[in-house]
Structures are given as structure tokens and as C-alpha cells.
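The values are calculated or read from the model by the stated rules, or taken from the named source; none is laboratory data. Keep in mind that this is a model prediction, so the values were computed, not measured. In this analysis, Cβ positions are derived from the backbone assuming ideal geometry, glycine residues included, and neighbour counts consider all displayed protein chains. Accessible surface areas use protein heavy atoms only, side chains included; no ligands, DNA or RNA. Shrake-Rupley method; radii C 1.70, N 1.55, O 1.52, S 1.80 Å.
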Amino acid sequence: MNILLVFAHPEPQSLNAALRDIAVAELEAQGHTVGVSDLYAQGWKAQIDRADFPSLATDSRLKVPAASGADFAAGTLTDDVKAEQEKLLWADMLILQFPLWWFSMPAILKGWVDRVYAHGFAYGVGVHDATRWGDRYGEGRLAGKRAMLVVTAGGWAEHYGPRGINGPIDDLLFPINHGILHYPGYTVLPPFVAYQVDRLDAAGFEGLAQALRTRMRTLEATTPIPYRRQNGGDYLIPTMQLRPGLGDRGAAGFGLHLDGESEAAATAA
Ligand code: FAD
């Protein structure tokens, strides 16, 4: 596979950088071709603003979706954004790697999403009418590709458990896994999350490295998170509500958007 790893940490000697190098080495050993977007090293511009839209007249009000769509359609987005879009189209698999900062991704990575996910590229794709709300959530430009998160966290695994004070990790990562990866079409694998990393000793590091190598060896065999597809019949259009009768196996909140049939099958297996 062609694999793109988008990396967001400012320090080349960080734990994250060491884990990135381990992941890349393992993927290449498996015969994959790996590209890395190291956002801090690239000096990635995190904020979206007028400079992103060269075609926008200087006296026009900036409306980001419209300006984004116009420059995407004309092929006139900035070169840094076009290069990242090309990498996404090239890659069969996308890995986003970052330290958990304030229960989310570092701002530079969010800015990568804001700018690279242009209108017409990652959203606003497909027919929008009375019977269809575009190609998204399992369909879209990046459909057929896989994606996953590699995340480090200072907190303990228990802090992110079902009753942990931080909230369950799957809930915290839902806006990224479902809202950023599944939305433009990716099939999303369960995240690799390393907990309690701030005082990692040598044995802890080696255990983590081995677990990461194992995940990198099994990308193609790993069962994806069973997110429902928008256009698979589970949602009413145009309200986008889950159909009555679905998700009634005790699921609530974000869990409603997991396919119950797949869940039942996974539990039975
Ligand atoms: P580093 O600081 O680089 O390393 C951590 C430890 O790993 C080191 O002390 C060392 O013991 C070991 N190590 C590093 N490199 C190696 C190596 N090559 N070999 C062996 N051992 C090594 N945590 C949460 O849980 N939730 C949050 O919401 C959250 N918010 C944060 C917000 C901010 C702004 C910041 C700065 C931190 C936050 N944290 C949070 C903690 C954060 O997630 C961790 O500090 C981060 O994940 C650690 O990753 P790192 O790459 O920066 O580690």
C-alpha cells in the first residue's frame, strides 16, 4: 500500500518522533511505500484565511466554503494545499499521529484539515437534493481508503475508560474518527492510543514500540470501526436522523452511529 503519515509534534527528539520512526520502519519492512507530512518541519500554515484563496477579489467578502470551492474547482488553491491533496489521493491509507492536547489534536493538525479538506474535495461532494445529501460518511473522494489515528496521552487508560473522568476515549476521538475521517469516505480503523506516556521508562517504551509495530503489521487485517454509512439506508433524508428501530440495543450518543448488526457480530465472534 501507499501510506501517508501526517505527523504533528514540534520536537524531533520527542516520544512521538521516535514512535513515528518505528511505525515508518515497520511499514517499509512490510513492503509499503510511506510518505510523511511532518507539519512543524514543513512550517505548515495552520490558519485558514484570505491568503488561501488566490482567486478571491480583494474587495469581496470572504465566505470560506464558496472561496474554497471556487479555487478547488479552478485548480488554484495554494501549492502547499494542493500538494497535501495529491498525497491524500496517492495514499491507500492515512495515519494521523499526534499527542493529545486538550482532548484533541494540536492546532497545526486541525489547521491542516481545515485547509486541505477543501470544498469539492472533502466536503460538498456529490449530489445534494431532496433525496440525497451528498457523498459523505462512508462515501466521497477518499472512499475505499483506510485511515487511523496514532495518539499519545498523558492520562491513564483508566481515566479514559467507560467511567473515567476524562470521558471514554472513543467518544473523545469520535469527532476526528467519524467527523474528519469517515466523513470524506475513509474506512476507519480503531486508534492506537498510548496512555500515561509522560514518565515512560525504557521497558514501557519498548512495550509501546512492540505494540505499535504489531498494529503496523496488521493494518489490512484489522476490523474497522463499524460506522454506519450515510447513504446505506440507516438515516432519514433530509433530517439525517437515525431511522426509528435502529440503534436500539442500548446504544446512545455517539454509539448510535455504530452499525448494530456489525456490533452484534463482533460481540458474538
Ligand atoms: P515526550 O515529552 O517527548 O516524551 C515523554 C516521555 O517518553 C519522556 O519523558 C521519556 O520518558 C519517554 N521517551 C521519549 N522519547 C523516548 C525515546 N526515544 N525512547 C525512550 N523513551 C522516550 N494529556 C492528556 O491525557 N489529555 C490532554 O488533554 C492533554 N492535553 C495536553 C495539552 C498540552 C498543551 C500539552 C503540552 C500536553 C497535554 N497532555 C494531555 C499531555 C500530552 O498528551 C503528553 O505530554 C504527550 O502525549 C507526550 O508525548 P510527547 O511526544 O510530547 O512525549
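Tabulated results
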| read-out | value |
| --- | --- |
| Of the criteria (1) at pLDDT below 95; (2) away from the ligand (no atom under 16 Å from the Cβ), which one residue 222 fails | (1) |
| Selection from segment 186-199 of residues that are modelled with pLDDT of 95 or more, near the ligand (Cβ under 8 Å from one of its atoms) and assigned to a loop (DSSP other than H, G, I, E, B) | 195, 197, 198 |
| Every residue from segment 1-21 that is within 9 Å of the ligand (Cβ to nearest atom) and open to solvent by less than 40 Å² (accessible area, probe 1.4 Å) | 9, 14, 16, 17, 18, 19 |
| Pick from segment 80-108, criterion assigned to a loop (DSSP other than H, G, I, E, B) and open to solvent by 10 Å² or more (accessible area, probe 1.4 Å), ranking: farthest from the ligand (Cβ to nearest atom) | 92 |
| Matching residues in segment 44-64 - criterion: being more than 20 Å from the chain's Cα centre (by Cα) and open to solvent by 60 Å² or more (accessible area, probe 1.4 Å) | 50, 51, 54, 55, 58, 59, 61, 63 |
| Residue match in segment 200-211 (condition: away from the ligand (no atom under 16 Å from the Cβ) and either open to solvent by 40 Å² or more (accessible area, probe 1.4 Å) or of a type in the set (Val, Ile, Thr) (or both)) | no |
| Scope segment 109-135; condition open to solvent by less than 20 Å² (accessible area, probe 1.4 Å) and closer than 20 Å to residue 172 by Cβ; matching residues | 109, 111, 112, 113 |
| Scope segment 146-189; condition within 18 Å of residue 3 (Cα to Cα), open to solvent by 20 Å² or more (accessible area, probe 1.4 Å) and out of contact with any Ser or Thr (no Cβ under 7 Å at 6 or more places or on another chain); matching residues | 180, 187 |
| Checking residue 148 against (1) of a type outside the set (Asp, Glu); (2) within 21 Å of the chain's Cα centre (by Cα); (3) within 11 Å of the ligand (Cβ to nearest atom), the condition it does not meet | (3) |
| Residue list for segment 156-174, filter: touching a residue at least 60 places away in the same chain (Cβ under 8 Å), away from the ligand (no atom under 12 Å from the Cβ) and of a type outside the set (Asp, Glu) | 174 |
| Some residue of segment 162-170 being out of contact with any Asp or Glu (no Cβ under 8 Å at 6 or more places or on another chain), farther than 20 Å from residue 231 by Cβ and among the polar types (S, T, N, Q) | yes |
| Long-range neighbours under 8 Å by Cβ, at least six apart or interchain, first residue in contact (Cβ under 8 Å) with a residue 40 or more places away in the chain and farther than 17 Å from residue 260 by Cα within segment 235-246, second assigned to a loop (DSSP other than H, G, I, E, B) and hydrophobic (A, V, I, L, M, F, W, C) | 237/130; 238/130 |
| Positions within segment 211-238 being among the hydroxyl-bearing types (Ser, Thr, Tyr) and closer than 19 Å to residue 27 by Cα, in sequence order | 214, 218, 222, 223 |
| Selected residue (only one of 77, 19, 62, 56 is touching a residue at least 12 places away in the same chain (Cβ under 8 Å) and outside any loop (DSSP other than H, G, I, E, B)) | 19 |
